[in-house]
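The values are calculated or read from the model by the stated rules, or taken from the named source; none is laboratory data. None of these values were measured; they are calculated from a predicted model. Using ideal geometry, Cβ is built from the backbone for each residue, glycine included, and neighbour counts are taken over all protein chains shown. Areas reflect the complete protein model, heavy atoms only, side chains present, ligands, DNA and RNA absent. Shrake-Rupley method; radii C 1.70, N 1.55, O 1.52, S 1.80 Å.
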Amino acid sequence: MMNSKNSQDIPLDHPRYESLKLRVKVVDAYKAGILADSGLIAHGRGEAFDYLLGEETSPVAKKAIETAAAILLLAEHPVISVNGNTAALVPSEVVDLARVLDAKIEINLFYRTPDRVRAVEEVLKDAGAREVLGTEENPEHIRGLESPRSRASREGVYKADVVLVPLEDGDRAEALISNGKKVVTIDLNPLSRTAKTATVTIVDNLVRAIPYLTREVEKLRRMDKSTLQDIARNFDNQQNLQDSLKLMLGSFSG
Ligand code: ATP
């Protein structure tokens, strides 16, 4: 087993180059205090599902991404909720997406400590975010969740009609939905509670899905509202999850 201290140590022609590069990123983020130890475990679970997907954005995921773009463009107050894994892997991609959507960025951490909040805020600001919510002393709260996960910034998740929550846990996704919000999630596990609960689930690695989503938003932004509404109406999340699962199961037969 190769012992990679940084991504330069991974040979470019290594068959698992992209995957190993992401591992280096999450380990570095853990060492820098951005990611909690359990974030490394969540990443490993994601890797296993991505392996079954062939580490590619499938046509099924592309359909979910198109729908997500339509729903986010129709939103009055779109918010991107950022956790440690997202900050570790795609900070500048999140900032780009927020810019094209005119969306707020809000930090929400499962294992919240003041140091980790500061570290995530710094990563996002270094990536170009002008405003980062979720750091305030006295936030609002989402009903049905224990603190600190219930934290919701007044101008962010609390007010949002659509929340993009990459890598969410099932409880928060359910609480956001029962508080009347639409939830778009990115989760490689089509069987997770989050995947089943969300309005739209993109079964893909967030490192591929977020830039793809940004391009899709740029493509669809010229379309009129009724076309976007048609795209949103014609999407069946449960069917899309079944289709992703079928793709994964197909990988077992060669
Ligand atoms: P739930 O509570 O929704 O049933 P869970 O208990 O699996 O989900 P977590 O333990 O928070 O939730 O796991 C995080 C999820 O994120 C896992 O399903 C994992 O497959 C997924 N995941 C990890 N890394 C990525 C990634 N880079 N892109 C997309 N999804 C990922």
- Query: Hey, in the GNM for the chain with a 10 angstrom Cα cutoff, which one of ASN108, ASN237, ASN138 fluctuates hardest?
  - Reply: ASN138
- Applying 1/(1 + (r/R0)^6) with R0 = 22 Å to the Cβ-Cβ distance of GLN239 and SER19, what FRET efficiency is obtained, to the nearest 0.05? 0.15
- Task: With the full set of protein chains in place, find how many percent of the accessible area of the chain is carbon and sulfur; take the probe as 1.4 Å.
- Result: 49 percent
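So if the hydrodynamic radius of the chain is defined as the Kirkwood radius over C-alpha pairs, what does Stokes-Einstein give as its diffusion coefficient at 37 °C and 0.692 mPa s, in µm² per second? Working shown, then result.
Working: Rh = 18.4 Å.
After rounding, the answer is 178 µm²/s.
Once fully extended, how much extra length lies between ARG130 and ARG221, figured as 0.36 nm per residue of separation less the alpha-carbon to alpha-carbon distance? Present the calculation step by step, with values, prior to reporting the outcome.
Values: separation 91, 0.36 × 91 = 32.76 nm, distance 2.24 nm.
In short, 30.5 nm is gained.
On alpha carbon coordinates alone, what is the Rg over Rh value for the stretch 16-148, Rh being the Kirkwood radius?
0.97
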- Take the alpha carbon gyration tensor of the stretch 149-254, find the square roots of its eigenvalues, order them as a ≥ b ≥ c, and report rounded if a/c is under 1.5; if not, report prolate when a/b exceeds b/c, else oblate. oblate
- For SER58 and SER251, extending 7 Å from Cα along the Cα-Cβ vector and measuring point to point gives, in nm, a value of 0.9 nm
- Message: Per residue of the stretch 55-62, what does 6.51 cos²θ - 1.76 cosθ + 1.60 with θ = phi - 60° give for ³J(HN,Hα)? Whole Hz please, x for Gly and Pro, Karplus curve as stated.
- Response: 6, 9, 6, 7, x, 5, 5, 4
- Query: Excluding ligands, DNA and RNA, what is the solvent-accessible area per residue of the chain at a probe of 1.4 Å, expressed in Å²?
  - Reply: 50 Å²
- Query: Any idea which of LEU124, LEU206, THR67 is furthest toward the positive side of the dipole for the chain, if Lys and Arg beta-carbons carry +1 and Asp and Glu beta-carbons -1?
  - Reply: THR67
- With labels modelled as points extended 7 Å from the Cα through the Cβ direction, what inter-label distance (nm, one decimal) is found for GLU140 paired with ILE177? 2.1 nm
